[in-house]
Structures are given as C-alpha cells and as structure tokens.
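The values are calculated or read from the model by the stated rules, or taken from the named source; none is laboratory data. Since the structure is predicted, the reported quantities are computational estimates derived from the model, not experimental observations. Reconstructed Cβ throughout: ideal geometry from the backbone, glycine too, with neighbour counts over all protein chains shown. In case anyone asks, the SASA skips ligands and DNA or RNA and just uses the protein heavy atoms, side chains included. Shrake-Rupley method; radii C 1.70, N 1.55, O 1.52, S 1.80 Å.
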Amino acid sequence: VQNGAIFHDKLFIAVYGSKTVEVMDKVDLTSVAQITFPAEVDGPRYLVADDNYVYASLYSGEVARINPETNAVDQIIAVGPNPEEMVIVNGFLYVVNSDCLNYENGYVNGKSVSKIDLATFTETKKIEMGINPTRIATDGTNVYALSTGDYGATPAQIYKIDASDNATNLAVGASWFAIHGGVLYAIHSVFNPDWSTTDYYTAYNLSD
C-alpha cells in the first residue's frame, strides 16, 4: 500500500507493487472493486480526488483519471518521469516529477511540477523548480513543493508556486512537510557524520 484518497463513500487505495487501485467502502472497509492498469504503464503512487474523479500518479511518467462511477481508468496523460504527490487548486492538478530512478544522472529530468487543466485533462505547463521534487501541498491559493535534493551536496528545500506559476525557493530545509490553518509544519532530518540524524521540527507562518 502506497497512498489513499476518499471519494464520497469510497476509499481508494494505491498499491504500487501490485499495480492496482483497491476500492473499498470507507465505513466497513469491504471490497467494492479492483482497478488495474494497462501493461505499458507502471504502478500507482499517489491519489487525489475532486468532485468528479480520482487521479493517480503512475511511476512510468503519467497521471491516470479514474471514473468513480465505473471504477475504471478512463484516460491517461503523460507528465514527467517518476511523478509522486499531487494537489488540486482552482481546477488545476499539480504533480511533482521526481525522476527519482535517474539518481545516477543527477535527477536531470526531475526539476518540474506539471500543471494539468482538469476541465480538458491536458498538461498546460511544466513549472521549473529544484531537483527531485517528491512532496506537494497547498494552502488553497499557493502550492508548495519539496525539492528533496540529492541526499548529499544539494539540500532539500521547499519552493512556493504562486498563482502566476512562479516558483520561489523559500530556503526552508525539510524532509517532510504539511500545511494546516495557514501554517507550514516542517520536519527536517539532517545526517550527522556517523549517519545518525538530528531532527528539527519547525512551524512557519505562511503569511510572512
């Protein structure tokens, strides 16, 4: 199990290794359906839902749209390599393109966030940011994405993407983060010379 999303009375679960999305009743967790994907694409990583569909990022470089009425994939579009988390803001879906499996080449194609118009289910823009983005969240207006870096010389930092799709490095170190009530909560694990970590927990006011 990799990730999940709720749509009305259903719970959708992404199972990456088995290349399925399992659909369950969200109350009693009984099985409703099992969604499979075409042989030419990889397994689902993360899920997000709006009022009409459930969307899955596929590690082979696509985003799939699932019709919750039929519990079937009805469309797949290409984005960037090894996409991970997604958010939906004002009718657009934003997905981070990590290029995570290309680490030996410095994540060379993993420096963007794809913006998808959900009305047409087409990619409208690739927003450039730091390497190996893996996490993404929103405060309802702006989008915040975590460039995980290379786990070495290039540190992990959070970028802010505004309503005009401008990406700004906030120089906030993080290994994981979440947003709630106008506050960004960051967990930052820094490796020590002996490979132990020192962990920092910080809250940032998004207004300033």
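The set of residues in the range 162-198 that are among the charged types (D, E, K, R) and either open to solvent by less than 70 Å² (accessible area, probe 1.4 Å) or within 20 Å of Ser114 (Cα to Cα) (or both) comprises Asp162, Asp165.
Only one of the listed residues (Tyr144, Tyr151) is within 18 Å of Val96 (Cβ to Cβ) and out of contact with any strand residue (DSSP E or B) (no Cβ under 6 Å at 6 or more places or on another chain). That residue is Tyr151.
Considering (1) crowded, with 16+ Cβ neighbours inside 10 Å; (2) farther than 16 Å from Ala56 by Cβ, the lone condition that Leu101 does not fulfil carries the number (1). Only strands (runs of 3 or more DSSP E) whose full extent lies in the range 131-193 are considered here, and the ones with at least 1 residues that are farther than 21 Å from Val48 by Cα and over 17 Å from the mean Cα position of the chain (by Cα) are 167-173, 183-191.
Let me spell it out: the conditions are (1) touching a helix residue (DSSP H, G or I) at 6+ places or on another chain (Cβ under 7 Å); (2) open to solvent by less than 30 Å² (accessible area, probe 1.4 Å), and Pro81 meets all of them except one. Which number is the exception? Pro81 satisfies all of (1) touching a helix residue (DSSP H, G or I) at 6+ places or on another chain (Cβ under 7 Å); (2) open to solvent by less than 30 Å² (accessible area, probe 1.4 Å) except (2). The residues of the range 104-130 that are more than 24 Å from Arg65 (Cα to Cα), open to solvent by less than 40 Å² (accessible area, probe 1.4 Å) and modelled with pLDDT under 95, listed by number, are Gly106, Tyr107. Residues in the range 43-50 include at least one that is part of a strand (DSSP E or B) and either without any contact (Cβ under 8 Å) to a residue 24 or more places away in the chain or of a type in the set (Phe, Trp, Tyr) (or both).
Take the residues in the range 84-97 that are of a type outside the set (D, E, K, R) and under 8 Å from the mean Cα position of the chain (by Cα); name whichever of them is surrounded by the fewest Cβ atoms within 10 Å (Cβ to Cβ). Per the stated criteria, the residue is Val87.
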